[in-house]
1. Identify, by number, the condition in (1) under 21 Å from residue 217 (Cβ atoms); (2) modelled with pLDDT of 85 or more that residue 138 doesn't meet.
2. Mind checking whether some residue in the range 121-139 is more than 27 Å from residue 191 (Cβ to Cβ) and touching a helix residue (DSSP H, G or I) at 6+ places or on another chain (Cβ under 9 Å)?
3. Is it the case that residue 62 is assigned by TED's automatic domain parsing to the domain that holds residue 13, under 24 Å from the mean Cα position of the chain (by Cα), over 23 Å from residue 13 (Cβ atoms) and touching a residue at least 40 places away in the same chain (Cβ under 8 Å)?
4. Regarding the range 136-145, can at least one residue be identified that is exposed (fewer than 15 other Cβ atoms within 10 Å of the Cβ), over 16 Å from the mean Cα position of the chain (by Cα), part of a loop (DSSP other than H, G, I, E, B) and in the same structural domain as residue 182 (by TED's automatic domain parsing)?
5. For residue 234, are the conditions met, namely being surrounded by fewer than 21 Cβ atoms within 10 Å (Cβ to Cβ) and either over 23 Å from the mean Cα position of the chain (by Cα) or farther than 25 Å from residue 105 by Cβ (or both)?
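The values are calculated or read from the model by the stated rules, or taken from the named source; none is laboratory data. These figures come from a predicted structure and were not determined experimentally. For neighbour counting, all protein chains shown are included, and Cβ atoms are generated from backbone atoms with ideal geometry for every residue, glycine included.
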């Protein structure tokens, strides 16, 4: 790249940054967001073509953020250095939403929880089982991903869930996991695992408030559908889970 090309590329990057400083991301196309982030780790090189190719290959902004370092490196013009901006913005957004949720009563005001879950697990390519630990006032103490992989009785261990609650001195729990297919509807395994967990936690005096399945554009609430109340009734009546 010659001096003239350097100057042209520098001017383009500055115009992108000026647009952002003036009106945020309003009017930005997804590839321009990726381009802007790539420039954070690329002082001189034009990143527009690489950004467009990233969107073409991974389909969406979220898809680019969830792509692995190896997958991103397959795109010409994207290497370890200029992946910095992509990694930074995803991690920063997740940390911000986790901190905003911390200390909040997510039972009365669930939007902070949903915002956090959308950035934390919605676009993961594998199922991730997340536990939100709450105190007696239903304020968030911490969140933790306990299991990764297809949700099944053989992969989610009630003992580890209960131990995590005891370690965090939690009075109540919220479970969440994602469906990479995008459809938040529960499987038989999802229902069976939720039932087992409600029973196990109830034996230890720990309340389960909710299990949320996060899909691509919507979510499924076990509490809203009456499953959590049903499982608690069954536990109280001594009906053992299968």
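1. The failed condition is (1).
2. no
3. yes
4. Yes.
5. Taking the combined requirement at face value, the residue satisfies it.
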